[in-house]
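To start, the structure under review is shown below, and the notes come after it.
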Amino acid sequence: MKKSRPPYKTLSYTASEYELNSQNSDSNSTIDQGRRNILKSVSLSSMTTLLGMAIPFGYLMPKGLMPIALAEQNKQFTIPGKSGLTILNDRPINAETPAHLLDDDITPAKHLFVRNNGIPPKLSDIDTSTWQLTIDGEACERPQSFSIAQLKQQFKSYTYQLVIECGGNGRSEFSPPAKGNQWTVGAIGCPRWTGVRLADVLKHCGVKEDAIYIGYYGADKHLSGEKNKVVISRGVPIGKALEKETLIAWEMNGEAIPLQNGYPLRLVCGGWPASTSGKWLNKIVVRNTIHDGPKMGGYSYRVPCKPVAPGTKVAEQDMCIIESMPVKSLVTFPKSGITHNLNKPLDIRGKAWAGDLSVAKVFTSIDFGVTWQLAKLKAPANRLAWQSWQAEVTFQQAGYYEVWARAVDSNGKSQPMILPGWNPRGYLNNACHRIAVAVS
Ligand SMILES: Nc1nc2c(c(=O)[nH]1)N[C@H]1C(S)=C(S)[C@@H](COP(=O)(O)O)O[C@H]1N2
Ligand SMILES: [Mo]
């Protein structure tokens, strides 16, 4: 079964429990920061002080354990508008969706993962009537700014269902391990996005002959607190930017985009690492060079240009930018760990997607990949949307089974059964998803 490295905490845990139990050294919380810092370096006498009473067996208390009475005083750590997500980090907020909560054809807002590199703007600081999107850059002919109302007025709106998946989804399986959020399988979702085409806006502003890339900027703040330090500014080649599905979106599933997912405006580049889909969008630059904003270079969202052995130190100049995401699938029903009756067939459901391509076939296996059965696969709602699939399996005898799913893209490339190409930061793990089923 899948191993998860740091102990994942769910929303029902308090922030302080999360911190104290976490092995993720770079996680520290905005919530109860003061208390948590005290508790990290706590002595028995200061715990006694905090509790306001003696701890008779205090000398027996394991080091680093927080008295539960203190934990209970903390408010629960929840992300407004989200439900059932697994918190990986609470500063910045990073939370993934358990596979069985991705069963909807269109991912509901409450189940869409959150991947923040910095601190989002506060809801109370966002005024949609004054929000500006600036288009400029050396390869833009007529730099200018638009209000959201102007975008809506001047350009036609489109709605597409688009996959966003973090490039680091699946990172937890890397060995040697890769630093960063230890995503298992749930840094993925496929909501319906409404907005204007980036192509229409860029053409209106004039794209110079020498334009090769675009880059985005957003209104989030750097963790360091430094005022003008950009958190992340990534982009895509001009060809991807001008695709008809690449949107400047203000709506998700017919409602305002949730704050954590980029309210009031975000870029959506479906099928590419979601790090190219800039949230809290306030500027797009048209570049005559490969965009060089923070997290475009070095080891961020880049993989070795040529395959390397696990653990290899790769020189920066041998790293290449990730473009389209690889083919992948999930079993979204049933939930892993169920017990199933031997006498009945089991219905299996899931999703499959393939970056810029479509999914041609999905197979399931109940014998650890020795034999595979073709699943029923639906067409996507539109290009760059995921595809639903279903299968029925019958078990011959009682016992422990795993259901594996494997998708094949429209170019004939399959998901690998186990971790593909190790890379320093743990990107692009598209290994088959497995669920456990006990048959009795
Ligand atoms: N402004 C801004 N945009 C951003 C990010 C960010 O931290 N700041 N994170 C990126 C990354 S790495 C991912 S995976 C997606 C996550 O989108 P979501 O939080 O809506 O799921 O947003 C991308 N856009
Ligand atoms: Mo990401």
Review point. Which entries of K203/K240; K295/K328; K240/K295; K122/K227 show an alpha-carbon separation above 21 angstrom in the structure shown?
Key: K295/K328
Exercise for review: Please work out the C-alpha center-to-center distance from segment 380-425 to segment 243-271 and express it in whole Å.
Suggested key: 27
Exercise for review: Give me D for segment 227-350 in µm² s⁻¹, whole number, from Stokes-Einstein with Rh from the Kirkwood sum over alpha-carbon pairs, 37 °C and 0.692 mPa s.
Suggested key: 184
Check your understanding: Using +1 on the beta carbon of Lys and Arg, -1 on that of Asp and Glu, and nothing else charged, what's the dipole of the chain about the Cα centre, debye to 20?
Key -> 280
Exercise for review: Mind putting together the pair-distance distribution for segment 328-439? All Cα pairs, 5 Å bins, whole percent per bin, short to long.
Suggested key: 2, 13, 22, 23, 17, 12, 7, 3, 1, 0
**Study point:** Loop sites in segment 64-158: trypsin sites (Lys or Arg not before Pro), DSSP, at most 10 other Cβ within 10 Å
**Key:** K75, K122, K156
Exercise for review: Name the long-range amide H neighbours of I338: under 5 Å, sequence gap of 5 or more, or other chain; modelled H, no Pro or chain starts.
Suggested key: A438
**Study point:** Cys with no candidate disulfide partner in the chain (beta-carbon separation under 4.7 Å rule)
**Key:** C140, C166, C190, C205, C269, C432
Practice item. Pick out, in residue order, every one of the trypsin sites (Lys or Arg not before Pro) in segment 179-272 that is DSSP loop and has at most 15 other C-beta atoms within 10 Å; say none if there are none. Key: K179, K208, K227, K229, K244
Review point. Just in segment 332-440: which chymotrypsin sites (Phe, Trp or Tyr not before Pro) are loop by DSSP and have at most 13 other Cβ atoms within 10 Å?
Key: F368
**Study point:** Dipole-positive endmost among H100, Q397, P80 within the chain (Cβ charges, Cα centre)
**Key:** Q397
Review point. What value, in deg cm²/dmol to 500, does the helix sum -39500 (n - 2.57) over DSSP H runs of n ≥ 4 give at 222 nm once divided by the residues of the chain?
Key: -2500 deg cm²/dmol
Review point. From the residues S147, N423, G270, which one has its Cα farthest along the dipole of the chain in the positive direction, the dipole being from +1 and -1 charges on Cβ of Lys/Arg and Asp/Glu about the Cα centre?
Key: N423
Check your understanding: Taking Cα centroids, how far is segment 217-239 from segment 142-214 in Å?
Key -> 14
Check your understanding: What is the pair-distance distribution P(r) of segment 170-271, computed from all Cα-Cα distances in 5 Å bins starting at 0, with each bin given as a whole percent?
Key -> 2, 10, 16, 17, 19, 18, 12, 5, 2, 0
**Study point:** Of every Cα-Cα pair in the chain, the percent that sits beyond 40 Å
**Key:** 23
Check your understanding: Sorted from fewest to most neighbouring beta carbons within 10 Å, what does the list V314, V370, V286, V303 look like?
Key -> V370, V314, V303, V286
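Any read-out appearing in this document is the output of simple, stated calculations on the displayed coordinates, not a laboratory observation. In this text the structure is predicted, and so the values were computed from the model without any measurement. Using ideal geometry, Cβ is built from the backbone for each residue, glycine included, and neighbour counts are taken over all protein chains shown.
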